[in-house]
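Everything below concerns the one structure shown next.
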Amino acid sequence: MKSADAAKEASRLLGSQAEMARLLQVKAPTVNQWCSGERAVPAKRALQIEALTEGQIKKADLCPTFPWAQISSASNPTLSAA
């Protein structure tokens, strides 16, 4: 799924682009730019959108260039027995 498509679907799930903007405390034109593909969704907003949509829209779909796997593995290091 393209980032813009994921943003569009998120706005649909949340009610509208205006409602998504209100929930994220950003301006409506910003959300419109995400949905049109004019601007990329920032990683911080991708995390918020994933939470607001209860995981229906994935942060990796919204912001595919961010190294989510690296961040995830760094925050959950495997402890090895000494």
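The values are calculated or read from the model by the stated rules, or taken from the named source; none is laboratory data. What you see is a predicted model, and the numbers here were worked out from it, not measured in a lab. Reconstructed Cβ throughout: ideal geometry from the backbone, glycine too, with neighbour counts over all protein chains shown. Each accessible area value is taken on the protein alone, full model and side chains, heavy atoms only, with ligands, DNA and RNA left out. Shrake-Rupley method; radii C 1.70, N 1.55, O 1.52, S 1.80 Å.
For the stretch 52-65, the tally of residues that are in contact with a helix residue (DSSP H, G or I) (Cβ under 8 Å, 6 or more places away or on another chain) and open to solvent by less than 70 Å² (accessible area, probe 1.4 Å) stands at 8. Considering each residue of the stretch 2-51, count those that are surrounded by fewer than 18 Cβ atoms within 10 Å (Cβ to Cβ), under 20 Å from Ile71 (Cβ atoms) and not basic (Lys, Arg), and give that number. Final tally of qualifying residues: 4. Looking only at the stretch 1-28, which residues are outside any helix (DSSP H, G or I), of a type outside the set (S, T, N, Q) and closer than 16 Å to Leu47 by Cβ? Val26 - this is the single residue of the stretch 1-28 that is outside any helix (DSSP H, G or I), of a type outside the set (S, T, N, Q) and closer than 16 Å to Leu47 by Cβ. Please go through the stretch 44-62 and pick out each residue that is within 17 Å of Gly15 (Cβ to Cβ) and either at pLDDT below 95 or hydrophobic (A, V, I, L, M, F, W, C) (or both). Correct list: Ile49, Ala51, Leu52, Ile57.
Here are Val31, Val41: which of them is of a type in the set (A, V, I, L, M), modelled with pLDDT of 95 or more and assigned to a loop (DSSP other than H, G, I, E, B)?
Val41
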